[in-house]
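The values are calculated or read from the model by the stated rules, or taken from the named source; none is laboratory data. If you're wondering where the values come from, they're calculated on a predicted model, not measured in any experiment. Reconstructed Cβ throughout: ideal geometry from the backbone, glycine too, with neighbour counts over all protein chains shown.
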Amino acid sequence: MSDVVVLDHGSRDGTSRVADAAGCRFHSQWDIKDIVRAARGEWLLFVEPGARPQAGWIDEIAEYVALNKLPARFTASRGYRRPFFQRVGRAVPPLELGFLLPKKQALAIAKSGMRLTEFVKGQKPRKLASELIPSWVARAAR
């Protein structure tokens with residue numbers, strides 16, 4: 001990981017201070033095209049605020065980007081699943097399982113004014129073996 005960028009939507013929970021302390025770039029006003037263009041890495045990983053990749057994800061992503069050119073997502077955590085009737089017929093939000101893609105592909109997709117949810121729509125990502133605890137788990141615990 002060579003660059004961490006936090007894209008904020010007006011939170012008041014101290015996110016900017018945490019991002020600054022961790023050495024992350026923080027943006028409260030941003031355009032996805034500018035963010036993608038300024039990204040330092042050759043691959044981009046988008047995750048929702050509060051989502052937590054599980055053990056082993058860094059090694060798996062390093063191997064994946066070395067061997068692949070297609071986008072990918074995490075696997076949903078088996079330990080944190082919505083109840084059955086909440087899963088049936090429910091569309092999964094576009095970033096709930098994260099989204100990994102090459103910067104070149106991101107540059108081709110990104111348009112000024114585009115929302116992050118629109119950015120990942122229409123993509124056919126592969127599934128990583130590493131699990132992600134979705135952000136709704138953290139929100140539900142509050």
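Yes or no, residue by residue, for (1) assigned to a loop (DSSP other than H, G, I, E, B); (2) among the basic types (Lys, Arg); (3) in the same structural domain as residue 111 (by TED's automatic domain parsing); (4) touching a strand residue (DSSP E or B) at 6+ places or on another chain (Cβ under 7 Å):
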{"residue": "35", "(1), (2), (3), (4)": "no, no, no, yes"}
{"residue": "50", "(1), (2), (3), (4)": "yes, no, yes, no"}
{"residue": "58", "(1), (2), (3), (4)": "no, no, yes, no"}
{"residue": "63", "(1), (2), (3), (4)": "no, no, yes, no"}
{"residue": "66", "(1), (2), (3), (4)": "no, no, yes, no"}
{"residue": "79", "(1), (2), (3), (4)": "yes, no, yes, no"}
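When each of 83, 102 is tested for being surrounded by 10 or more Cβ atoms within 10 Å (Cβ to Cβ) and either at pLDDT 90 or above or over 13 Å from the mean Cα position of the chain (by Cα) (or both), the lone residue that passes is 102. Filtered by the rule that a residue be touching a residue at least 60 places away in the same chain (Cβ under 8 Å) and either farther than 23 Å from residue 138 by Cα or loosely packed, with under 13 Cβ neighbours inside 10 Å (or both), region 56-80 gives 56, 60, 61, 64. Considering only region 6-15, I want to know if a residue exists there that is modelled with pLDDT of 90 or more, in a helix (DSSP H, G or I) and β-branched (Val, Ile, Thr). No, there is no match, as no residue in region 6-15 is modelled with pLDDT of 90 or more, in a helix (DSSP H, G or I) and β-branched (Val, Ile, Thr). Among residues of region 97-113 that are on the phi > 0 side of the Ramachandran plot, those with a beta-carbon under 6 Å from a residue that is aliphatic (A, V, I, L, M) and surrounded by 13 or more Cβ atoms within 10 Å (Cβ to Cβ) at least six positions away or on a different chain give the pairs 98/47; 98/132.
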